[in-house]
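One structure below.
Computed from the coordinates by the stated procedures, all read-outs in this text should not be read as laboratory data. Given the structure is predicted, the values throughout are model-derived calculations rather than measurements. For neighbour counting, all protein chains shown are included, and Cβ atoms are generated from backbone atoms with ideal geometry for every residue, glycine included.
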Amino acid sequence: MKDYIRRFFIAGIMALCVSLLFLGGKQSKAAEPEISELTEHWVWPADGVITDTYGTRNGQHKGIDIAGGSGSPVYAADAGIVSRSYYSQTYGNVIFIKHNNQTETVYAHLDKRLSAEGEKVALGQKIGMMGSTGDSSGVHLHFEVHSQGWTADKINAVDPSLAFGMGEVGQAVNAAVRNESAHEVSARPSNFHSGQITKDSGETYHIVKTGETLWTIAAHYNLQTGDIAALNNINPDQIFTGQKLLIKPGKLGKYTVKEGDTLSSIAKVHKTTAEAIKELNNAESDVIKIGQILIIHKK
């Protein structure tokens, strides 16, 4: 009987310890803020197009790659202190920034470094210029985010897309810098869709994505390829991924769907495309209804 009581007592103590450990772990996890909460005010570190994402190359790629023009500006995703600024055989010209939320960001393959170790930088401050130094096969920014600081084994690396809420190959991103000297920025692009960026000045730009041609871009905005080429002083047959094109879209108008209309027939009449109409009206299917009002581009 005594042996039974003793075993029952020991089992009770063990159960209590397990319960306390479980509750303690749950409380600790709940108290730890999500990366999206820590970074909701961040800005993208460069203008360009995402060409590679976190976790590729058999899990060895610990950041996001943003392709852009050689020498284009690279910005601090958040305010902080430059913890490292040097040349590495792998990272090339690279800058590390330690932020107040204990995260650390990495900006690699820079053509030039404009911030020195120990320097205090502001949110959106220009810290370097995009390049292809170190172990790089083309002009781009390799950007990493680390919780609790960078380590050689990158055990603290987190997916940058968690910080920005997006980050797929082919997506255009915009640092949305308003004033480089004053470092005033907006936390997210105010008008961003399919590579379209409208800056505070009212100018509209399109960031060229992989697979796009000047013809498809012109069709999207209901323009002629010559209009865009002349405006940007470029050869219409030579555009590249990440290129920023100034756009002057046609005026928007409204069209009421009539009996017998299809998206294709409406697009043909207005010299646009069905996809452009769907995108402009946030439509996911080709189904339209009689009496429905569609927004369309008009010259």
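Points to keep in mind about this one:
- Protection proxy ranking of 241-247, 107-113 - average other beta-carbon atoms within 10 Å, highest first: 107-113, 241-247
- The translational diffusion coefficient of the range 251-298, from Stokes-Einstein at 25 °C and 0.890 mPa s with a Kirkwood hydrodynamic radius over alpha carbon pairs, comes to 234 µm²/s.
- Alpha-carbon centroid distance for the pair the range 259-275 / the range 93-170, whole angstrom: 45 Å
- For Gln60 and Thr256, a Förster radius of 45 Å and the Cβ-Cβ distance give a FRET efficiency of 0.25, rounded to the nearest 0.05.
- Reachable aspartates and glutamates from Lys248, criterion Cα separation under 16 angstrom, eight or more residues apart if same chain: Asp200, Glu203, Asp227
- Each of Gln224 and Ala122 was given a label point 7 Å from its Cα along the Cα-to-Cβ line. The distance between the two points is 4.5 nm.
- Each of the peptides 120-129, 162-171, 43-52, 206-215 was scored by the mean count of other Cβ atoms within 10 Å over its residues; in descending order, highest first, they stand as 43-52, 120-129, 206-215, 162-171.
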